[in-house]
Amino acid sequence: MSGLIKEHLKRFEPFKIEFLDEKNHFYQLSSSIEQVTDEYMIISPPKFGDQVYNLPVDAEISIIFYRNDGILHGVCKILSKQSGENARLKLSTPYDVELTERRRAKRLRLSFQSEIEYLINKNDTKKKVLNVLTNDVNVYGVSYLDTEPLGRYYNIRCKIYVEGYKSEPVCADCRFVYSQKKQIKGKLMYKTALEFIKISAEDIERLQQKCYKKSYA
């Protein structure tokens with residue numbers, strides 16, 4: 001178990017669960033820790049709003065702790081659950097733990113035409129493509145608003161047209177960070193954040209220059 005997460009594994013500690021159902025619908029659920037051992041932990045019934053959400057045994061879920069220095073992610077497997085409507089869950093201790101810093105560099109509220117390419121399944125041969133406008137950008141990542149959450153899909157790649165569609169885009173391989181619900185002018189939207197995990201030095205420079213020009217225009 002990662003030392004990063006040990007301090008959070010204690011009774012009454014709240015956390016979030018991110019989960020994709022069989023229809024690839026994304027949910028962020030709320031729960032808290034009730035008991036911890038070296039091999040497993042017991043958590044309160046996960047809730048989506050005020051409703052208990054029924055997670056299946058053997059499913060892998062992402063658990064998230066919000067910290068002052070960033071967002072701590074881990075993966076757990078659901079080992080078993082109690083019977084009854086308000087069933088507590090038994091989870092494996094977290095693995096694949098990593099900390100994402102909240103703002104390694106200030107993100108600028110900039111709108112660029114972008115394409116988000118991804119695979120829903122590892123064995124897919126054709127990528128899905130979303131056409132979106134960026135919400136904010138820096139050299140470490142990007143966020144955008146859409147009517148649907150993205151989820152933890154595969155081979156996510158972002159193309160940002162910093163000079164419009166007639167120019168070569170800034171391209172980056174990305175990692176999904178979160179999709180958060182937002183009410184925008186009375187309409188339910190999702191703000192999705194992606195972190196760049198592979199981007200060329202040339203594209204970083206282009207993005208820096210464009211962000212600088214835009215922010216001081």
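Right, Phe15: surrounded by 12 or more Cβ atoms within 10 Å (Cβ to Cβ) and either at pLDDT 90 or above or part of a loop (DSSP other than H, G, I, E, B) (or both) or not?
In short, yes.
For Thr93, which of the numbered conditions (1) surrounded by 14 or more Cβ atoms within 10 Å (Cβ to Cβ); (2) farther than 24 Å from Asp146 by Cα; (3) of a type outside the set (A, V, I, L, M); (4) assigned by TED's automatic domain parsing to the domain that holds Glu148 fails to hold?
In the conditions (1) surrounded by 14 or more Cβ atoms within 10 Å (Cβ to Cβ); (2) farther than 24 Å from Asp146 by Cα; (3) of a type outside the set (A, V, I, L, M); (4) assigned by TED's automatic domain parsing to the domain that holds Glu148, Thr93 misses (4) alone.
Could you tell me whether any residue of the range 40-58 is at pLDDT 90 or above and hydroxyl-bearing (Ser, Thr, Tyr)?
Scanning the range 40-58, I find at least one residue that is at pLDDT 90 or above and hydroxyl-bearing (Ser, Thr, Tyr), so the answer is yes.
How many residues does the range 182-196 hold that are modelled with pLDDT of 85 or more and either in contact with a Leu (Cβ under 7 Å, 6 or more places away or on another chain) or not small (Gly, Ala, Ser) (or both)?
Within the range 182-196, residues that are modelled with pLDDT of 85 or more and either in contact with a Leu (Cβ under 7 Å, 6 or more places away or on another chain) or not small (Gly, Ala, Ser) (or both) number 8.
Find the residue count for the range 27-52, including only residues that are in contact with an Asp or Glu (Cβ under 9 Å, 6 or more places away or on another chain) and either in a loop (DSSP other than H, G, I, E, B) or touching a residue at least 60 places away in the same chain (Cβ under 8 Å) (or both).
3
For the range 54-83, how many residues are of a type outside the set (A, V, I, L, M, F, W, C) and buried (at least 17 other Cβ atoms within 10 Å of the Cβ)?
Residues meeting the conditions: 4.
Listed here are the residues, each with its yes/no results for (1) part of a loop (DSSP other than H, G, I, E, B); (2) of a type outside the set (Gly, Ala, Ser); (3) over 20 Å from His8 (Cβ atoms).
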{"site": "Pro56", "(1), (2), (3)": "yes, yes, yes"}
{"site": "Ile63", "(1), (2), (3)": "no, yes, no"}
{"site": "Leu79", "(1), (2), (3)": "no, yes, no"}
{"site": "Lys90", "(1), (2), (3)": "no, yes, no"}
{"site": "Val97", "(1), (2), (3)": "no, yes, no"}
{"site": "Asn121", "(1), (2), (3)": "yes, yes, yes"}
{"site": "Asp124", "(1), (2), (3)": "yes, yes, yes"}
{"site": "Leu130", "(1), (2), (3)": "no, yes, yes"}
{"site": "Leu133", "(1), (2), (3)": "no, yes, yes"}
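What number of residues in the range 156-182 are closer than 23 Å to Phe65 by Cα and either free of Cβ contacts under 8 Å to residues at least 12 places away in the same chain or touching a Phe, Trp or Tyr at 6+ places or on another chain (Cβ under 9 Å) (or both)?
Residues that pass the stated criteria total 7.
The values are calculated or read from the model by the stated rules, or taken from the named source; none is laboratory data. This is a predicted model, so every value here is computed, not measured. Glycine gets a Cβ as well: all are built from the backbone with ideal geometry, and neighbour counts include every protein chain shown.
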